[in-house]
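The values are calculated or read from the model by the stated rules, or taken from the named source; none is laboratory data. Fair warning: this is a prediction, and the values are worked out from it, not measured in the lab. Cβ placement follows ideal geometry from the backbone for every residue including glycine, while neighbour counts extend to all protein chains displayed.
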Amino acid sequence: MTAPEPRRPNILWISLEDTSPRFGCYGDPLARTPHIDRLAAEGRRYPLAFSVAGVCAPSRSAIITGMYPTSIGAHHMRTSHRNAQAPLASPPYSVVPPPYVRAFPEYLRAAGYFCTNNAKTDYQFTPPLTAWDVCGQEAHFRQRGPDQPFFAVFNFTNTHESGMWPREDRPLRTDPDQVRLPPYLPDTPKARAALARQYDNLETVDARVGQVLAELEADGLARETIVFLWSDHGEGLPRGKRWPYDAGIHIPLIVRWPGALEAGGTASELVSLIDLGPTVLSLAGVPVPRHLQGQVFVGPQASPRTYAYASRDRHDEAYDMVRAVRDRRFKYLRNYYPDRPYLPWIAYRNRHPAMQELWRLHAADALEGPQRLLMQPSRPAEELYDCEADPYELQNLASDPAHRATLERLRAAMDDWRARYGDLGDVPEERMVRQMWPDGVQPQTQPPVFAVLGDGEPGTAPSEGGAYRGPLLLQLHCPTQGASIAYRLEGDPGDRWRLYSSPLRLAAGRTTLCARAVRIGYADSEERAATFTVEGG
């Protein structure tokens, strides 16, 4: 008698925006995060977790593809919008990665998982139809089929940088006099109020986390669901968001896996957000493609990470290029424009109250000590910090002879990383975009082809539909390199697309379907439809 296959786990992601680890479970006494704290008490915290960029779109491109943004041309922030304040060097574009790159939920869908995303994407490319079963404000694991395992993502945006801006309709619940600002920011009422709003927003998002976890409990799914909670990068304070200092890339990460991870544990390993996709595939029992650049950090296939890498490039109007590598203790940064100031003009960033305070006091020559760091007219070519002894990264050790060996080791690690994966930061953005979109025109995926396979039907020519004798298989094909195919059957909801992964077995009777081919960064193909009538079978 054959033993039944083990039940595959459900996987739930809870994604936050612009959030550093200001939770009670991370030791913050001012935080009001009971639901997140409970999740940590039932799971494992990862205190050494880092994003690959200090801003959302490049970070999220790495999460969804498992590829460093610098290796696929997704490193500039952002590619898909026009700027109202100033022209950008390149018009809006969708990043075109190598043809074998997928949004990794495709691998899960092909293995039978129901995949939903609610609702933020921001991948630097239009989300392909094949990535999700449902993607939008209503997406929920409750929409899956009976006994179908799920991968569900909930993205909560309450803690976005803009949530720190004043709003008359939201009085503060956190006492601004109780917050502690980093020493490189001015300690003024306006700046304290901005951080107080972040604490308020964390309380709001904690309630939303509690709601999703309660729905999981109510459905009897908590014991068979692995829950991940993380943020796309650090909080939106100056020298945090947009920067590869720890304030910009150090993120909370909690994993709850009942029966497998000890409750209340704290991990010692280094984790990068690029590891999320490979880890989920591994836990779902799906082979991890070798081209993915992250690695598994939970489960039987987990392997230790020695370094975490991060990058900074164009943000809105302003070009820059900084690369960073961090081990468990030290951080090395390389500034490719050391002759330029830390703060080029970025209109959106200047809306932040703490940034406005920095500029105001700088104009009055009233900044003191570390508050002057961001206002320097130039930068060192290299920066090295002991992040244990100097968590705010104030004391640059790059010229300290006592740390020469560490400097050289991290230099070499960065050079090896850039050589191994490539770094499109070396390519001017206009030239890179011309390579992706020849003559500035978005390439389009070619339409899919239907081919009938079966008794007397060798599939040697495309089919436009018709009557056949069964049994019958229908193969879908697209000549565009790297394309995926989405299809739906007559009667399917209009906003639902199935992922084509193997020939379709046509039942006796009439089958009508339509199909569309997609490739990341390309425009979708035109839609093809056909009707097949099968006799017998």
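All told, Pro99 falls short of being free of Cβ contacts under 8 Å to residues at least 40 places away in the same chain and more than 19 Å from the chain's Cα centre (by Cα).
Determine, yes or no, whether Leu270 is touching a Gly at 6+ places or on another chain (Cβ under 7 Å) and surrounded by fewer than 22 Cβ atoms within 10 Å (Cβ to Cβ). Write out each step before concluding.
Details: touching a Gly at 6+ places or on another chain (Cβ under 7 Å): no; surrounded by fewer than 22 Cβ atoms within 10 Å (Cβ to Cβ): yes.
So Leu270 fails the test.
Residues of region 145-157 being under 16 Å from Trp13 (Cα atoms) and either in contact with a Cys (Cβ under 6 Å, 6 or more places away or on another chain) or not in a strand (DSSP E or B) (or both), which ones? Passing the criteria: Pro149, Phe151, Thr157.
Filtered by the rule that a residue be without any contact (Cβ under 8 Å) to a residue 24 or more places away in the chain and within 21 Å of Asp524 (Cβ to Cβ), region 460-489 gives a lone residue, Pro462. Is region 176-183 home to any residue that is part of a loop (DSSP other than H, G, I, E, B) and on the phi > 0 side of the Ramachandran plot? Checked against the condition, which is being part of a loop (DSSP other than H, G, I, E, B) and on the phi > 0 side of the Ramachandran plot, region 176-183 yields no hits at all. Just one of the listed residues (Phe156, Phe104, Phe150) is within 22 Å of Arg516 (Cβ to Cβ) and either crowded, with 17+ Cβ neighbours inside 10 Å or touching a residue at least 24 places away in the same chain (Cβ under 8 Å) (or both), and it is Phe104.
Scanning region 483-537 for residues that are under 28 Å from the mean Cα position of the chain (by Cα) and on the phi > 0 side of the Ramachandran plot gives a single hit, Gly521. Sub-8 Å Cβ pairs linking a first residue in region 222-241 that is surrounded by 24 or more Cβ atoms within 10 Å (Cβ to Cβ) and at pLDDT below 95 to a second residue that is among the small types (Gly, Ala, Ser) and part of a strand (DSSP E or B), at least 6 apart or interchain, number zero. The residues of region 78-100 that are at pLDDT 95 or above and of a type in the set (A, V, I, L, M, F, W, C), listed by number, are Val95, Val96. Answer yes if at least one residue in region 183-203 is within 25 Å of the chain's Cα centre (by Cα), closer than 30 Å to Ala284 by Cα and at pLDDT 95 or above, and no otherwise. Looking through region 183-203, none of the residues is within 25 Å of the chain's Cα centre (by Cα), closer than 30 Å to Ala284 by Cα and at pLDDT 95 or above.
Close Cβ contacts (under 9 Å, 6 or more residues apart or on different chains) running from residues in region 110-124 that are at positive phi to residues that are modelled with pLDDT under 95 and of a type in the set (D, E, K, R) comprise Asp122/Arg78; Gln124/Arg78. Among the residues of region 406-452, just one is assigned to a helix (DSSP H, G or I) and under 30 Å from Ser502 (Cα atoms), namely Met436. Put simply, of Gly466, Gly482 the only residue that is assigned by TED's automatic domain parsing to the domain that holds Ala517 and more than 17 Å from Thr511 (Cβ to Cβ) is Gly482.
Test of understanding: among Met414, Met436, Met432, which residue is within 15 Å of Asn335 (Cβ to Cβ) and either modelled with pLDDT under 95 or surrounded by 16 or more Cβ atoms within 10 Å (Cβ to Cβ) (or both)?
Values: Met436 fails: within 15 Å of Asn335 (Cβ to Cβ); Met432 fails: within 15 Å of Asn335 (Cβ to Cβ).
Step by step, each of Met414, Met436, Met432 is checked, and only Met414 is within 15 Å of Asn335 (Cβ to Cβ) and either modelled with pLDDT under 95 or surrounded by 16 or more Cβ atoms within 10 Å (Cβ to Cβ) (or both).
Within region 107-126, the set of residues being surrounded by fewer than 23 Cβ atoms within 10 Å (Cβ to Cβ) and either among the polar types (S, T, N, Q) or closer than 22 Å to Asp316 by Cβ (or both) comprises Asn118, Lys120, Thr121, Asp122, Thr126. A single entry from Thr511, Thr531 fulfils the requirement of being within 17 Å of Gly459 (Cα to Cα), polar (S, T, N, Q) and at pLDDT 95 or above: Thr531.
If you go through region 211-239 and pick out every residue that is part of a loop (DSSP other than H, G, I, E, B) and over 25 Å from Asp18 (Cβ atoms), you end up with 3.
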